[in-house]
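One structure is given below, encoded as structure tokens.
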Amino acid sequence: MTDREILVLLLALGAMLGLARGLGALARSRGMPAIAGEVAAGVLLGPTVLGRIAPGVHTWLFAAAADAGLDAITTVAVVLLLVAAGLHVDPRVLRRRGRVALPTASLGIALPALCGLALGFLLPAANLVDPAGRPLVAALLAVALAVSALPVVAKTMLEAGLFKSDVGLLVTAAASIDELVGWPCLALLLGPVRGAVVFASFAAGLFARALRVSPRAQSGVDAIVSGFFAPLFFASVGLRADFAAAFDPVLCLVVLLLASVSKVIGCAVGARMAGLRWREATAVGTTMNARGAMGFIVAALALDAGLVRASTFEALVLMSLATSLASGPALRSLLSASQPEEDVVALLRRGAFVSELHATTPGDAIAELVRALGSLIKGMKRDARDAVLERELVAPTGLADEVAIPHAAIDGLDRPQLALGLAPRGIDFGALDGRPARIVFLLLMPAKAYDAEVRILASIARATYDARAREELAKATTVDEAARVLARSAKRTRESMRPKNMTATG
């Protein structure tokens, strides 16, 4: 590699990474996933915009960079994204919740896959590189429509405060099953070389997670991938095609509708079979509808393998982007469509408050908070403690930002009970960001009260979303003071998430 080639490669990487990171941060500030800005960076630098405004500059920069190794770097990015995807598959959740999540995952895979197959066989010949390869393209579209992006799904549930809830675990297990089925199927379709890379990369992540990699190590891998390799790959997606010249609005709309309707209906029916009410089951479907990075990877690999034309590639990219953008707002809309019957403030006022926990471990903190509930759970203290401890083994309930919500369903409990404990020195509840919890909510639910659990956990999430509120709550000394902090914070968060054209209604 000559000095000139190295210089051009570094300039191309700098332009892609700088613009992708900048637009990704802008997207996040507007409440959108960072991938929206990162893909937009590639579109701006690619043939769609820069190629039209300054074709000489575009050719000089990116054609030379491709020869100098840009394609190899983006291939490494795909490998690491697949490793990260495997790391997000938690075998403990699959063991404990896989059977319950199986109807959601099965219908959420089968219905979109059938729609993808039908679409592949009905596509006009002009959209195919080789009409003789139509069965392979149909199978590829089946995978593209069936897969869910586990990292996007997890982030959506985390922001809603439902990641460690029973519903959140159901969604996480179902999305994990999607990936365990989807990536091996894609590997088979891509042939021995590309398929082996896809399978080996995903399997490496699974193997590392099975070895119980620490949350801190996983967070470090995520930081490296999301900070450098993911922006480069998503920007490269925008570089791959001229989104103006090859844009087929009818095909894009058909792909988006087929993917979204089939995924939401399939997952919602499966979740309903698992015991959720229709509103919560539909929320599960809208969350599972996000394709995110997984959809981009399928589209890019298919284009690079010469299986689809640019118009089909763009339809898959836009579908993946649109479903990721819509997932979070749709979930919030469904959960806020009716106000919770009992929010965190009301539950706390009739529950228990411990201004300083003496516990130093999750088990001791759970036992201390169970004791604090006293006569509210008379005759059920031991069962409650054991149920919460067992639930903690399924998946630690530490959230990010020093908050933990250990919880469990208790047979014989007639209504939800909540205890709040403050731990100034922090207690390690296994949060993904590695930070110990200073604010610990113990939530006890009646058996199979999935809808109430979703509403209450969403209420807790709203009340602890604001960093200032968490600091004030950590210093509270009485239940009234804690309740006032939570009420003010929940109101601020609810108003900030309300569409701008809506006026406050009391």
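Coordinate-derived values only; no laboratory data. Computed from a predicted model, the values in this text were never measured in an experiment. Here Cβ is always computed from backbone atoms with ideal geometry, including for glycine, and neighbour counts include all displayed protein chains.
Data table
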item: 0 to 90° range, to nearest 10: angle between helix 292-304 axis and the chain longest Cα axis; result: 20
item: Correct option for mean projected area of the Cα convex hull in nm² [calculated from the coordinates] among (1) 24.4; (2) 26.4; (3) 39.0; result: (1)
item: Per-peptide average of other Cβ atoms within 10 Å, ordering 26-34, 274-282 highest first; result: 274-282, 26-34
item: Subset of LYS448/LYS491; LYS378/LYS475; LYS378/LYS448 violating a 26 Å alpha-carbon distance limit; result: LYS448/LYS491; LYS378/LYS475
item: Positive-end residue, the chain charge dipole about Cα centroid, Cβ charges, pick of GLY275, PHE313, GLY292; result: GLY275
item: Among PHE229, VAL213, PHE243 - extreme Cα towards positive end, dipole of the stretch 177-253, charges at beta-carbon; result: VAL213
item: Relative contact order (percent, whole number), the chain, Cα cutoff 8 Å, 6+ residue spacing; result: 17
item: Diffusion constant of the stretch 61-156 at 20 °C, which comes from Stokes-Einstein with the Kirkwood Cα-pair radius and 1.002 mPa s, µm²/s; result: 131
item: Options PRO362, VAL344, ALA144, ranked by Cα towards positive dipole end of the chain, top entry (Cβ charges); result: VAL344
item: Rounded to 10°, Cα long-axis angle of helix 91-122 versus longest principal axis of the chain; result: 30
item: Dipole magnitude of the chain about its Cα centre (Cβ charges: Lys, Arg +1; Asp, Glu -1), debye to nearest 20; result: 1000
item: Dipole magnitude (debye, nearest 20) for the stretch 65-139, charges at Cβ of Lys, Arg, Asp, Glu; result: 700
item: Net charge of Cβ neighbours under 15 Å - reference LEU186; Lys, Arg +1; Asp, Glu -1; result: -1
item: Only Lys, Arg (+1) and Asp, Glu (-1) charged, at Cβ; the stretch 20-155 dipole about Cα centre in debye; result: 760
item: Within the chain, helix-based [θ] at 222 nm, where runs of 4 or more DSSP H residues each add -39,500 (n - 2.57), nearest 500; result: -21500 deg cm²/dmol
